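So the structure is just underneath, and the comments pick up after that.
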Number of protein chains: 2
Amino acid sequence: MPHFHATVRVGLRPSVLDPAGEAVCAAARRLGHGAIQSIRIGKAIEIRLEAPDAATARQQLESLSAQLLANPVMETWSLELHSQEV
Amino acid sequence: MPHFHATVRVGLRPSVLDPAGEAVCAAARRLGHGAIQSIRIGKAIEIRLEAPDAATARQQLESLSAQLLANPVMETWSLELHSQEV
């Protein structure tokens, strides 16, 4: 069965505060990077899976993202299905 | 001064174990996603900054990534400089 590689990006909704990102932004400014305006920290989840075709892989990954990887109250997610590996 | 938007992807080196990713992988299988082979969790850090041009922005971001965002012993990073915003 073909193998697929995908990245699911999970990030906080714009209305949700990101204290960790703000702390990193403050640290960057203290280190002399005064040009940095904002930093927000999200997740990039790398997934390898088997599926008969790309459409099935995408369907599996969408279900997984909505069900397990992202908290829909606070986060949004997007899916990049990279390539079919032999 | 022009504004830039960039994403720094920080991930564990392949030789470093990712227990959180393995736990999510096991949870995915329990939820019926048996086709998932591996999951590794990295960070996607969204940065907005001011810089006179794209080359300066890239230089700032590379310095910040190497200095603050990634731990070079355990992690690798890559930079995507998206666009200049007006």
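Odds and ends about this structure:
- Inter-copy separations for B:Ser15, label at 7 Å along Cα-Cβ, nm, ascending: 4.7
- Using the Cα coordinates of the range A:1-75, the gyration tensor eigenvalues translate into equivalent-ellipsoid semi-axes of 34, 15, 7 Å, sorted from longest to shortest.
- Measuring nothing but how far apart in sequence close Cα pairs (under 8 Å, 6+ apart) lie, relative to its length, chain A scores a relative contact order of 53 percent.
- Convex hull of Cα atoms in the protein assembly as shown, direction-averaged projection (nm²): 11.1
- Between the range A:27-72 and the range B:26-86, the C-alpha centres lie 9 angstrom from each other.
- Per-residue mean of foreign Cβ neighbours for A:26-36 is 5 (Cβ atoms of other chains, 10 Å radius).
- Between 0 and 90°, nearest 10: helix B:19-30 axis offset from chain B longest Cα axis: 50
- Helix axis angle, B:54-64 relative to chain B longest principal axis, alpha carbon, degrees: 50
Every number here is computed from the coordinates shown, using simple stated rules; none is lab data. As the structure is a prediction and not an experimental result, all values here were calculated from the model. When we count neighbours, we look across all protein chains shown, and the Cβ atoms used for this are built from the backbone with ideal geometry, even at glycine.
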